[in-house]
Amino acid sequence: MDEVRFLAIQSEFKRLILISSVLLTSLSNFGSSLSSHVEFTNKLKDDLLVLVAADQSLDDNLTDVLSGLVEHVWDLVTKYVMGKSPALESCGAPSHKETLKLKIENLATLRDNQVYNILEKRGSSYLQSMAEHLAQKKSSSGPHQLPVPPGFQVFVKEMLTLAVNYAKLVNLNQMVYGPFYVPVLKKVLGIQSKSSPNQKQQSTTEVKTDQESEEKSEADQASTTS
């Protein structure tokens, strides 16, 4: 099986979840007075994609990476709001930097962080849906018909590229390796695969607790700022 390519997809998936979490956390920290500025949002996105490099290992130095991102985001904010309206200039108040620091550095807990946890679930579901979509409808429709989930609107191109690459690799390996493929994929990616198009799909029911509902609401609120 293409373990190397699966690991590369896993690495890019984690990278996009982290970057999306940092962006949403940053925008929600400053509120709509700043998040409504598309120019700033796009600049922040581009900078984060560069600062969190695709070949960078985040497992051992995530805390240091996040600390560096705090400083960069704050520098970008203060430069952008300088000389603008009072509402924007207030985003540069020292109190905003303290809350920004706490929120971004809390992302080091990954799945224990509410925003990261929900974005990871949505991203995982999107990749699975894309695999099923391309397997069943590749002759009559395109991947553009599957919109990215809430929280990823700024990263449409990146998420779509990742999902299509994942879907093609999943469907190829399902066809070649059959029943031996599923447990290996779970081990490599930690993402449960869809059943083969020629197999009867098994439906699963996700039991949502009150806490998960609350977390989803919070992430939805954060995603509207993007």
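Can you name the residue in region 106-126 that is of a type in the set (G, A, S) and farther than 16 Å from S26 by Cα and is also farthest from the chain's Cα centre (by Cα) among such residues?
In the first step, residues of region 106-126 are kept if they are of a type in the set (G, A, S); the result is 108, 123-125.
Then keep just the ones that are farther than 16 Å from S26 by Cα; that gives 123-125.
Numbers: G123: 6, S124: 9, S125: 11 Å.
That would be S125.
Look through S125, S67 and report the one residue that is polar (S, T, N, Q), surrounded by fewer than 18 Cβ atoms within 10 Å (Cβ to Cβ), in a helix (DSSP H, G or I) and not assigned by TED's automatic domain parsing to the domain that holds T41. So that I can check it myself, show each step before the final result.
Numbers: S67 fails: not assigned by TED's automatic domain parsing to the domain that holds T41.
Unique residue meeting the criteria: S125.
Mind listing whichever residues of region 79-98 are surrounded by 15 or more Cβ atoms within 10 Å (Cβ to Cβ) and within 26 Å of the chain's Cα centre (by Cα)?
Restricting attention to region 79-98, the residues satisfying the condition of being surrounded by 15 or more Cβ atoms within 10 Å (Cβ to Cβ) are 80-81, 88, 90-92, 96-97.
Once the filter is applied, which keeps residues that are surrounded by 15 or more Cβ atoms within 10 Å (Cβ to Cβ) and within 26 Å of the chain's Cα centre (by Cα), region 79-98 yields Y80, C91, H96, K97.
What single numbered condition from (1) assigned to a helix (DSSP H, G or I); (2) free of Cβ contacts under 8 Å to residues at least 24 places away in the same chain fails to hold for K84?
Among (1) assigned to a helix (DSSP H, G or I); (2) free of Cβ contacts under 8 Å to residues at least 24 places away in the same chain, the lone unmet condition for K84 is (1).
Determine, yes or no, whether Y166 is surrounded by 18 or more Cβ atoms within 10 Å (Cβ to Cβ), at pLDDT below 95 and either among the β-branched types (V, I, T) or part of a helix (DSSP H, G or I) (or both).
On the way: surrounded by 18 or more Cβ atoms within 10 Å (Cβ to Cβ): yes; at pLDDT below 95: yes; either among the β-branched types (V, I, T) or part of a helix (DSSP H, G or I) (or both): yes.
So Y166 passes the test.
How about region 136-159: which of its residues are surrounded by fewer than 20 Cβ atoms within 10 Å (Cβ to Cβ) and either among the small types (G, A, S) or modelled with pLDDT under 80 (or both)?
K137, K138, S139, S140, S141, G142, P143, H144, Q145
List every residue pair whose Cβ atoms sit under 9 Å apart, with the two residues 6 or more apart in sequence or on different chains, where the first one lies in region 19-44 and is outside the structural domain of G151 (by TED's automatic domain parsing) and charged (D, E, K, R) and the second, anywhere, is surrounded by fewer than 18 Cβ atoms within 10 Å (Cβ to Cβ) and assigned to a helix (DSSP H, G or I).
Note: pairs meeting the criteria are K43/L76.
Looking at (1) farther than 17 Å from L69 by Cα; (2) at pLDDT below 95; (3) among the β-branched types (V, I, T), which is the one condition that is false for T109?
(1)
The values are calculated or read from the model by the stated rules, or taken from the named source; none is laboratory data. Please read all numbers here as calculations on a predicted model, not as lab measurements. In this analysis, Cβ positions are derived from the backbone assuming ideal geometry, glycine residues included, and neighbour counts consider all displayed protein chains.
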